[in-house]
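First comes the structure, then the notes that go with it.
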Amino acid sequence: MEKERVARYISQKKLFMPADKILVALSGGADSVALLCLLQTLGYECEAAHCNFHLRSEESDRDETFVRQLCAKRQVPLHTVHFDTLRTAEERHISIEMAARELRYEWFEKIRTKSNANVIAVAHHQDDSVETLLLNLIRGTGINGLRGIRPKNGHIVRPLLCLDRNEIINYLNRIGQDYVTDSTNLQDEYTRNKIRLNLLPMMQEINPSVKESILNTAEHLNEASAIYKKGIEEGIQRVRTAKGIHIGALMHEPAPKTLLFEILYPLGFNATQVEDICRALEGQPGKVFTSGHWRVVKDREYLLIETCQQATQPTLTMEEHILTPDFIIPRDKTVACFDADKLMLPLSLRLWQKGDYFIPFGMKGRRKISDYMTDRKFSLLRKEQQWVLCCGNDIIWLVGERTDNRFRIDENTRKALIIKVTA
């Protein structure tokens, strides 16, 4: 019986405890309705959460009405929310399905906290797991994408992964519980539905127990992924430094491309981009690869992983001092010391520009700032975020690095201007 199998599965996978409060994600479809009924039958304290995404006009409102009636009948506290899913998708520049997913889980977590529920139960079942594995396989994925849907992820639990779709429908028919049907599930419209309605039936003609075979394979891969994950974590420790990914160390790894994929994929880089980055490893420094809020820069010995951000203007303070015999010139790079009489205020602060030059402290000849930074092995990010302090058209300080020799303190100096970087 489904009830006993679900109870056993909850216990085996340690999804939650008998005294825990469960927040059930309730759409009104067969799967979520069965989930609520089964958990209540097993004696769990349940509350329900329903999202109206307004994506199917009257059907969306029909689903909400059904859920309200069901919860009233079963005396289950219900939380509801309405989303403008299309607008969210546009604002976040993501697909409608992804927008709905993000909105749903963000709100579920808020309600879980507010209602003091221990977990959020969602109604994924075995067929969903099979479809997810095939979908990832079609799109291209690493080993984690071939593990199917996992029973627990943080506060999200999936007690129905021990049942398939037919068993869920049979259970609802047997207890006389109705449900709503999403019309899009019957249309050959989305990739997942193509797998469900076309691909899987064809595979079952070849092997009637193909779903069971896929689920067994996913379980094997789940165990293999534990070993894989440990190897990846050890590899990351070997190649990651405070500066970035050491290219030489990466190339000595048994599978550098796979290791790099696992480092960059969580940041939004796809397999094709990682392929391009790998091809650039032996090329000239300066190549930049961007994905969302992150970018990877091919430097000399390192791959720099950086957030895409505006250069932050430093905050400077100025103090004037009368020079005395006991005055000591600061040696800190965040402090610059000038002959005040050689300067004309106000000073100006800006990012360096191509063609800028200065005469580095202790030198006589002028030097292009670009050449100076290259010689000092500045990373691309540091070059982009290098500020210069100017007196008129002259650069007096490469901020945080080196002052200009023309404005130094000498034997004729009477007043010193001390400038510090404070933030």
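The values are calculated or read from the model by the stated rules, or taken from the named source; none is laboratory data. Because the structure is predicted, anything quoted here is derived from the model rather than measured. Counting neighbours? That spans all protein chains shown, and the Cβs are built from the backbone with ideal geometry, glycine included. Note: areas computed on protein heavy atoms with side chains; ligands, DNA, RNA excluded. Shrake-Rupley method; radii C 1.70, N 1.55, O 1.52, S 1.80 Å.
Observations, loosely collected:
- The lone criterion from (1) in a loop (DSSP other than H, G, I, E, B); (2) open to solvent by less than 60 Å² (accessible area, probe 1.4 Å); (3) basic (Lys, Arg) left unmet by Lys364 is number (2).
- When the residues of region 367-377 are filtered to those that are under 25 Å from Leu347 (Cα atoms) and of a type outside the set (Gly, Ala, Ser), the one that is surrounded by the fewest Cβ atoms within 10 Å (Cβ to Cβ) is Asp371.
- Options Ile328, Ile277; residue that is at pLDDT below 85 and of a type in the set (A, V, I, L, M): Ile328
- Residue count, region 2-41 (criterion: surrounded by fewer than 14 Cβ atoms within 10 Å (Cβ to Cβ) and on the phi > 0 side of the Ramachandran plot): 1
- For Val421, the requirement of being open to solvent by 10 Å² or more (accessible area, probe 1.4 Å), among the aliphatic types (A, V, I, L, M) and within 25 Å of Gly244 (Cα to Cα) is not met.
- Screening Asp404 with (1) within 29 Å of Gly244 (Cβ to Cβ); (2) without any contact (Cβ under 8 Å) to a residue 60 or more places away in the chain gives one miss only, at (1).
- Pair list, Cβ < 6 Å and 6+ apart or interchain, from region 279-305 residues that are among the small types (Gly, Ala, Ser) to residues that are open to solvent by 20 Å² or more (accessible area, probe 1.4 Å) and in a loop (DSSP other than H, G, I, E, B): Ala280/Lys287; Ser291/Gly268; Gly292/Gly268
- So Gly355, is it modelled with pLDDT of 90 or more, more than 38 Å from the chain's Cα centre (by Cα) and within 30 Å of Ala280 (Cα to Cα): yes
- Selection of region 135-150 for residues being under 20 Å from Glu167 (Cβ atoms) and open to solvent by less than 20 Å² (accessible area, probe 1.4 Å) yields only Gly148.
- Flag for His93 being open to solvent by 90 Å² or more (accessible area, probe 1.4 Å) and touching a Phe, Trp or Tyr at 6+ places or on another chain (Cβ under 9 Å): no
- Region 1-25 residues that are in contact (Cβ under 8 Å) with a residue 12 or more places away in the chain, paired with ones that are open to solvent by 90 Å² or more (accessible area, probe 1.4 Å) (beta carbon under 8 Å, 6 or more apart): Lys13/Lys152; Lys14/Lys152; Leu15/Lys152; Asp20/Glu45; Lys21/Glu45; Lys21/Asn116; Ile22/Glu45
- Residues of region 107-132 satisfying the condition of being of a type in the set (Phe, Trp, Tyr) and either buried (at least 19 other Cβ atoms within 10 Å of the Cβ) or in contact with an Asp or Glu (Cβ under 9 Å, 6 or more places away or on another chain) (or both): Phe108
- Some residue of region 115-129 being assigned to a helix (DSSP H, G or I), of a type in the set (S, T, N, Q) and under 25 Å from the mean Cα position of the chain (by Cα): yes
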